[in-house]
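Participant: Shown below is the structure under consideration.
Nothing in this text is a laboratory measurement; each read-out follows from the coordinates by a stated rule. Remember, it's a predicted structure, so these values are computed and weren't measured experimentally. Every residue, glycine among them, receives a Cβ derived from its backbone with ideal geometry; neighbour counts consider all protein chains shown.
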Amino acid sequence: MNSSVTDFRVGVIKPLECIKEGWALIKEQYWLFFGISFVGILIGGLVPIVLLGPMMAGIFLCLFERQRGRPVEFSLLFKGFDYFVQSLVVMVLKMIPIMVLMIPYYIFMVAVMFTTMPRDHTPSTDEQTQFLFSFLGVELVFVLVIVVVSILLEIFFMLAFPLVPDRKLSGLEAVKLSFKAGKANFGGLLGLILLNGLFSIIGVLCCFVGVYFYLPVALAAQAVAYRRIFPEMTIDFSAPTPPPPPANWA
């Protein structure tokens, strides 16, 4: 890969500024980006591993066009399928750690149930209470582990989906570069994720539908953060490579 493609900035993420800039980016066409975000996530959610990747690529394509000051059409969302294979690779790699956690978890939970649940007699109230607390304790620990792992995955993979359409990287290259840039900007991206999470929780508390109205702002904030880390490039990836000069060229 060209070094200019893989270069990134460090220490440029200020979470609240990213959210403010994200809102400023889409507010004049809020309902268009609301539709793009809602439909993209809805279609992606039908078969997440297969469809969510290209839908995310399409959403970021729309946001990048907005950042460049160009008109955005709803149909641009589906241009994400031009990067189907690359975004699918990113999605599969992102899901692997979750699957690695889930399989042992279910095995462990079954083992806990069989080892702690009384079987030889009718359980007393104390035994039932002990079993319930043991089960809930294991469940709570697992939920905490999943939350921590999910946040880490989001930090390290947040930049991978936009890298695919923006820098024309393969899925594996995008993940590797996203991991490096995410690690270098860990604090800022963590703050952005937590702040977006807080506003999303507030949206859920507002009759649940509020989270959908905040969704385009959260995605726009991610696009702003991405562009701060990976500035716009002037390379035209679509232009054909010029032929080499003749052997006798002087």
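Participant: Compute the distance in nm between two label points, each set 7 Å from the Cα along the Cα-to-Cβ direction, one at Met99 and one at Leu16.
Facilitator: So the two model labels end up 4.2 nm from each other.
Participant: Next question. Over 19 Å between Cα atoms: which of Lys79/Lys176; Lys79/Lys183; Lys94/Lys176; Lys94/Lys180 fall into that group?
Facilitator: Details: Lys79/Lys176 24 Å; Lys79/Lys183 29 Å; Lys94/Lys176 12 Å; Lys94/Lys180 15 Å.
Those over the limit are Lys79/Lys176; Lys79/Lys183.
Participant: Between Glu139 and Val47, what is the spin-label point distance in nm, taking each point 7 Å from the Cα along the Cα→C-beta axis?
Facilitator: 3.3
Participant: If you take every residue apart from Gly188 with its C-beta less than 15 Å away from the C-beta of Gly188, what net charge results, scoring Lys and Arg +1 and Asp and Glu -1? Walk me through the intermediate numbers first.
Facilitator: Numbers: positive: Arg9, Lys14, Lys20, Lys180, Lys183, Arg227, Arg228; negative: Glu17, Glu21, Glu154.
Spelling it out: positives minus negatives among the neighbours equals +4.
Participant: Taking the Cβ of each residue in Glu73, Glu21, Glu232 as the centre, tally the other Cβ atoms inside 10 Å and list the residues starting with the fewest. Present the calculation step by step, with values, prior to reporting the outcome.
Facilitator: On the way: Glu73 12, Glu21 18, Glu232 9.
In order of increasing Cβ crowding within 10 Å: Glu232, Glu73, Glu21.
Participant: List, in order, the whole-Hz ³J(HN,Hα) value for each residue of the range 66-75 obtained from phi through the Karplus relation with A = 6.51, B = -1.76, C = 1.60 and θ = phi - 60°; use x for Gly and Pro.
Facilitator: 5, 4, 7, x, 9, x, 10, 10, 4, 5
Participant: Dividing the Cα radius of gyration by the Kirkwood radius, what Rg/Rh value follows for the chain?
Facilitator: On the way: Rg = 22.6 Å, Rh = 20.4 Å.
My calculation puts Rg/Rh at 1.10.
Participant: Kirkwood hydrodynamic radius, computed over distinct alpha-carbon pairs, for the range 1-74: how many Å, to one decimal?
Facilitator: Numbers: mean 1/r = 0.0709 Å⁻¹.
Over the range 1-74, the inverse of the mean reciprocal pair distance is 14.1 Å.
Participant: How big is the charge dipole of the chain about its Cα centre, in debye rounded to the nearest 20, if each Lys and Arg gets +1 on its Cβ and each Asp and Glu gets -1 on its Cβ?
Facilitator: Values: 17 positive and 16 negative charges, 139 e Å.
Its charge dipole is roughly 660 debye.
Participant: With a Förster radius of 22 Å, plug the Cβ-Cβ distance of Leu132 and Val92 into 1/(1 + (r/R0)^6) and report the FRET value to the nearest 0.05. Intermediate values should be presented prior to the final figure.
Facilitator: Details: r = 37 Å, r/R0 = 1.69.
E(calc), rounded to 0.05, equals 0.05.
Participant: Where does each of 31-37, 57-63, 207-213 land if you order them by average Cβ count within 10 Å, highest first?
Facilitator: On the way: 31-37: 18.7, 57-63: 26.7, 207-213: 12.7.
Going by the mean number of other Cβ atoms within 10 Å, highest first, we get 57-63, 31-37, 207-213.
Participant: Would you give the gap between the C-alpha center of the range 141-202 and the C-alpha center of the range 4-53, rounded to a whole Å?
Facilitator: One Cα centre to the other: 12 Å.
Participant: While we're on this one: Between Val148 and Ser170, what is the FRET efficiency for a Förster distance of 30 Å, r being their Cβ-Cβ separation, to the nearest 0.05?
Facilitator: 0.55
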